[in-house]
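S.K.: Pasting a structure below so you can have a look.
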There are 2 protein chains.
Amino acid sequence: MATIRVPHPVPTPEEDAKTLRKAFEGLGTDEKAIIEVLGHRTAAQRAEIAATYVMLYKETLVERLDSELSGDFRKAVILWAMDPAERDAKLANQALKNKGDQHIWVIIEVACASDPDHLMLVRKAYCSLFSSSLEEDVASRFAHEQPLGQLLARLVSSYRYTGERVDEGLTQSEAAELYEAIRKKQPHHEGVIRMLSTRNKSQLKATFNHYKQDYGKAIDEDIESSGSSQFTSMLKVAVCCIGSPEKHFAEVVRTSVLGFGTDEDSLTRAIVSRAEIDMKKIKEEYKIRYKTTLDADVIDDTSGDYKNFLLTLLGSADP
Amino acid sequence: MATIRVPHPVPTPEEDAKTLRKAFEGLGTDEKAIIEVLGHRTAAQRAEIAATYVMLYKETLVERLDSELSGDFRKAVILWAMDPAERDAKLANQALKNKGDQHIWVIIEVACASDPDHLMLVRKAYCSLFSSSLEEDVASRFAHEQPLGQLLARLVSSYRYTGERVDEGLTQSEAAELYEAIRKKQPHHEGVIRMLSTRNKSQLKATFNHYKQDYGKAIDEDIESSGSSQFTSMLKVAVCCIGSPEKHFAEVVRTSVLGFGTDEDSLTRAIVSRAEIDMKKIKEEYKIRYKTTLDADVIDDTSGDYKNFLLTLLGSADP
């Protein structure tokens, strides 16, 4: 479900490092060559290129990209060139310094739309980079915004079982428990937070399906009707990131391009973090929901190297 | 601070595997040889021996030990021969199936007296072994025992920063926050749980010191005076496992030998899990607190191969 396209055969890391070095040298930077190399390599390949680059030229690839590029293009390429766990740790840390729902989205994405092993690596990277733990900073930042702080701290601390095991009896009883909490306008009930922060994703998806079947409405719509607090809207985002992350990221992209101006940081984050995961599904969802294509919206709202880079990650750049 | 003694030079894993194989074969098992090898090797060395053993003899070392040995000696040797993360995952899983404070201790020990990276490995092993996550099983098991369930789920989900960083301003304000919660008989306050489950251990130890300085009493004594619920006594255990695990494990050993009969499972757990970590400190603490030695209590309450094995791990067996 990834959208990036890797050439066959792929050049060796040495060849790629040399191509990049050449693109940096001389007057002016060859942005096209940088996109051509990095935009068509997987995370593992980019890591090898970065390791080879620092060995050959005694400077890190990210630092060189930082000095050669500028603007949104620079931000996007650097996020793409970084180790994914480190990238998410930095995005989360940055998000914690800001106010507003969109920044909380970042925390929830890292916690709920990531593979559990990736989340563990993010937590490790976070400790190394910031000398505190991710859950510590999340819990402190939202210490006086309960129950939101509790929800977020528990989501980022999760290490879910990744198998497909579903306990059918449990889906029914927990769907009922969710329904009761929502009906009583208690979406912050301990049972709800416990379930969302500990159950494996297959189990939760089955519970959400059961909910719709038994109670006639999707759980995320019902959560919305149970109150209009920041907590309920973030709970909805968590449910969405667990159950159907493609819906959430389609919304992130759409929100970033709607209205005057563009929220480039959000647009970049969505594309960079999902290009190798589920961008194909996000594009399909986008088309159904917004009656336009994600590519078309990106083309409308961006320009130059930044546009070319995003379209490359979307698998939609001219060959 | 470990008590096990590794010979210099140490035999190769092949030599050790062969010695063990020889101890298993023929009429009767040579328990002494098993103790001699396994009781004098570090976790890394035991892992190498187990890997070599299965390669040479097409049977796992643990399975063979299981069929050769019996009783408390068997249990102890098997726990010692297992991968430590797997061992703790199994101990936690077993503890969750039982009722009573002593079983909850096991959960708290794994969560609070372990190195954060070890706890992560335990959580991984738990998922592989039991097809559910540790925090999921903890949260479900204690779903109707709040706030205890919340405390335990958050402690087992922690991944604390391991550096020595201490924020002095924070120690003061958080010591005050703890004091307020205890004074108002609200030890289950979100701030208390947040602090204990997210702050790094150096920070927490500094906060506990500050508490004693400012309020004249050790925090664990104060917690006890704030109520006599199961929650307060488990909170005290958590504080102890974070601040001075040697005190907690001295108590585990002492409780296991006191009165009629011996709680061999607890005695084994304490010695096996701490022999390579802080058993020297536990012995010192034991002497100060109980006016007798840990070795003497073990000698009084155990016998045969079991006794010899424990004394070997305690570094106190005859050479």
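S.K.: Could you pull out the residue among B:V106, B:V122, B:V77 that is touching a helix residue (DSSP H, G or I) at 6+ places or on another chain (Cβ under 8 Å), open to solvent by less than 40 Å² (accessible area, probe 1.4 Å) and more than 29 Å from A:K201 (Cβ to Cβ)?
M.R.: B:V77
S.K.: Something else about it: Out of B:G149, B:G169, I need the residue that is in a helix (DSSP H, G or I) and open to solvent by 40 Å² or more (accessible area, probe 1.4 Å). Which one?
M.R.: Only one candidate qualifies: B:G169.
S.K.: I'm trying to understand the selection: among the residues of the range B:25-36, which are in contact with a Lys or Arg (Cβ under 9 Å, 6 or more places away or on another chain) and either open to solvent by less than 50 Å² (accessible area, probe 1.4 Å) or among the polar types (S, T, N, Q) (or both)?
M.R.: Hit for the range B:25-36 is B:A33, nothing else.
S.K.: Would you say B:A95 is under 23 Å from B:L121 (Cα atoms) and among the aliphatic types (A, V, I, L, M)?
M.R.: yes
S.K.: Hey, another quick one. Evaluate the following for A:E174: is it open to solvent by less than 20 Å² (accessible area, probe 1.4 Å), modelled with pLDDT of 95 or more and of a type in the set (D, E)? First the steps, then the outcome.
M.R.: On the way: open to solvent by less than 20 Å² (accessible area, probe 1.4 Å): yes; modelled with pLDDT of 95 or more: yes; of a type in the set (D, E): yes.
Answer is yes for this residue.
S.K.: Restricting to the range A:262-319, count the residues that are touching a residue at least 60 places away in the same chain (Cβ under 8 Å) and acidic (D, E).
M.R.: Number satisfying all stated conditions: 6.
S.K.: Pull out all pairs, ordered by first then second residue, where Cβ-Cβ is under 6 Å, the residues are six or more apart or on different chains, the first lies in the range B:128-139 and is part of a loop (DSSP other than H, G, I, E, B), and the second is surrounded by fewer than 17 Cβ atoms within 10 Å (Cβ to Cβ).
M.R.: Note: pairs meeting the criteria are B:S131/A:G163; B:S131/A:R165.
S.K.: Of the conditions (1) open to solvent by 20 Å² or more (accessible area, probe 1.4 Å); (2) touching a Ser or Thr at 6+ places or on another chain (Cβ under 9 Å), A:F130 satisfies every one except a single condition; which number is it?
M.R.: It fails just one condition, (2).
S.K.: For the range B:271-296, give me each residue that is charged (D, E, K, R), closer than 28 Å to B:S70 by Cα and open to solvent by 20 Å² or more (accessible area, probe 1.4 Å).
M.R.: B:E276, B:K283, B:D295
S.K.: Also, quick follow-up: Please go through the range A:3-18 and give me each residue that is surrounded by fewer than 18 Cβ atoms within 10 Å (Cβ to Cβ) and assigned to a helix (DSSP H, G or I), ordered by number.
M.R.: Those that are surrounded by fewer than 18 Cβ atoms within 10 Å (Cβ to Cβ) and assigned to a helix (DSSP H, G or I): A:E14, A:E15, A:K18.
S.K.: If I ask for residues that are farther than 16 Å from B:E59 by Cβ and not in a loop (DSSP other than H, G, I, E, B), which ones from the range B:25-37 would you list?
M.R.: Result: B:E31, B:K32, B:A33, B:I35, B:E36, B:V37.
S.K.: Of everything in the range A:132-167, what is aromatic (F, W, Y) and within 20 Å of A:H189 (Cβ to Cβ)? Give them in sequence order.
M.R.: Listed by number, the list holds a single entry, A:F142.
A quick yes/no check of all residues on (1) of a type outside the set (S, T, Y); (2) facing another protein chain (nearest Cβ under 9 Å):
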| site | (1), (2) |
| --- | --- |
| B:E109 | yes, no |
| B:S114 | no, no |
| B:D117 | yes, yes |
| B:M120 | yes, yes |
| B:R123 | yes, yes |
| B:E135 | yes, yes |
| B:V138 | yes, yes |
| B:F142 | yes, no |
| B:S158 | no, yes |
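S.K.: All but one of (1) assigned to a loop (DSSP other than H, G, I, E, B); (2) in the same structural domain as B:Q203 (by TED's automatic domain parsing) hold for B:K236; state the number of the condition that does not hold.
M.R.: Of the numbered conditions (1) assigned to a loop (DSSP other than H, G, I, E, B); (2) in the same structural domain as B:Q203 (by TED's automatic domain parsing), the odd one out for B:K236 is (1).
S.K.: Being among the hydrophobic types (A, V, I, L, M, F, W, C) and open to solvent by 40 Å² or more (accessible area, probe 1.4 Å) is the filter here, so list the residues in the range B:152-166 that pass it.
M.R.: Across the range B:152-166, the qualifying residue is only B:V166.
S.K.: Somewhere in the range A:222-233, is a residue among the small types (G, A, S), under 20 Å from the mean Cα position of the chain (by Cα) and not assigned by TED's automatic domain parsing to the domain that holds A:L204? Talk me through it step by step, then tell me what you get.
M.R.: Our first condition is that a residue be among the small types (G, A, S); within the range A:222-233, this holds for A:225-229, A:233.
Then keep just the ones that are under 20 Å from the mean Cα position of the chain (by Cα); that gives A:233.
Imposing the further condition that a residue be not assigned by TED's automatic domain parsing to the domain that holds A:L204 reduces the set to none.
The answer is no; no qualifying residue exists.
S.K.: Ok, one more. Since B:K22 meets every condition but one in (1) open to solvent by 40 Å² or more (accessible area, probe 1.4 Å); (2) in a helix (DSSP H, G or I); (3) in contact (Cβ under 8 Å) with a residue 12 or more places away in the chain; (4) over 30 Å from B:A238 (Cα atoms), which condition does it not meet?
M.R.: The one condition B:K22 does not meet is (3).
Listed here are the residues, each with its yes/no results for (1) acidic (D, E); (2) over 30 Å from B:F249 (Cα atoms); (3) modelled with pLDDT of 95 or more.
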| position | (1), (2), (3) |
| --- | --- |
| B:P7 | no, no, no |
| B:R21 | no, yes, yes |
| B:I35 | no, no, yes |
| B:G39 | no, no, yes |
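S.K.: Out of the range A:196-242, which residues are without any contact (Cβ under 8 Å) to a residue 40 or more places away in the chain, within 14 Å of another protein chain (Cβ to nearest Cβ) and either surrounded by fewer than 20 Cβ atoms within 10 Å (Cβ to Cβ) or closer than 19 Å to A:E109 by Cβ (or both)?
M.R.: Matches in the range A:196-242: A:R199, A:S202, A:L204.
S.K.: Follow-up. Give me the pairs, please: first residue somewhere in the range A:41-53 and closer than 14 Å to A:L65 by Cβ, second residue anywhere and of a type in the set (S, T, Y), beta-carbon distance under 8 Å, and either six or more positions apart or on two chains.
M.R.: So the pair list comes out as A:A50/A:T60; A:Y53/A:T60.
The values are calculated or read from the model by the stated rules, or taken from the named source; none is laboratory data. Every value quoted in this text rests on a predicted model; they were computed, and no experiment measured them. Note: ideal-geometry Cβ built from the backbone for every residue, glycine included; neighbour counts use all protein chains shown. All accessible areas refer to the heavy atoms of the entire protein, side chains included, with ligands and DNA or RNA removed. Shrake-Rupley method; radii C 1.70, N 1.55, O 1.52, S 1.80 Å.
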